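Quick notes on the structure that follows.
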Amino acid sequence: SNTLISSASVGKQAEAQMAWLEKLLKVSAKRRYDHRTVYMHHPLFVRAADEKDSYHNFPIKQRKRLLALLQDSGVEIAFSGNLLSYAYARHGDLELITSASCCLGGEKAGLRIVHVTPERNTEKFYPLDKMPEELSQMSIR
């Protein structure tokens, strides 16, 4: 997402990456998958799809284009990072979950485990001091 978020400075590379993503999602939409999930570095937005452009989100022009593409392709969840805090947002049927590499404001560092089953995707954040000792001990349903 670094190329797409900085499209003005990288020109043809951004368009090539967008064309690749559009092709990939178009092919994906024609196949029978239980879920479609996207992982990206930058969040499309933090709180609302129409929020002002900032360092922490995609510029509105690219944001609108990507939101339409993800929704039209049946993507359910977009996971991202690049914030110093955690954020959850929704745009129609698309859920946006942003995890932090480190935290500000008293939030704890940790990691997010995503459990994928044919029925659904489930995720849970674990602070480092509350990590289960084994994956089989995780209760994320």
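The values are calculated or read from the model by the stated rules, or taken from the named source; none is laboratory data. Everything numeric here is computed off the predicted structure, so don't read it as measured data. Reconstructed Cβ throughout: ideal geometry from the backbone, glycine too, with neighbour counts over all protein chains shown. SASA here: full protein model, heavy atoms, side chains in, ligands and nucleic acids out. Shrake-Rupley method; radii C 1.70, N 1.55, O 1.52, S 1.80 Å.
Listing for the model above:
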quantity: Radius 11 Å from Cβ of Ala100, net charge of other residues (Lys, Arg +1; Asp, Glu -1); calculated: +1
quantity: For Ala68, net neighbour charge (Lys/Arg +1, Asp/Glu -1) across residues whose Cβ lies under 12 Å away; calculated: +2
quantity: Surface/4 of the Cα convex hull for region 34-82, nm²; calculated: 3.3 nm²
quantity: List Lys108, Lys30, Lys130, ordered by accessible area with a 1.4 Å probe, largest first; calculated: Lys30, Lys130, Lys108
quantity: Antiparallel bridge percentage (DSSP; both residues within region 26-115; nearest 5); calculated: 40 percent
quantity: Residues in region 28-42 reached by a label modelled at Trp20 [backbone nitrogen below 15 Å; 7 Å Cα→Cβ]; calculated: 39-41
quantity: Carbon + sulfur, % of accessible area of region 32-129 - ligands and nucleic acids excluded, 1.4 Å; calculated: 54 percent
quantity: Pair Lys130, Asp72: separation of 7 Å Cα→Cβ label points (nm); calculated: 4.1 nm
quantity: All-pairs Cα distance distribution in region 63-102, expressed in whole percent, bin size 5 Å; calculated: 6, 24, 29, 21, 13, 6, 1
quantity: Residue (of Gln71, Ser54, Tyr39) at the positive-pole extreme of region 37-81, dipole from beta-carbon charges; calculated: Ser54
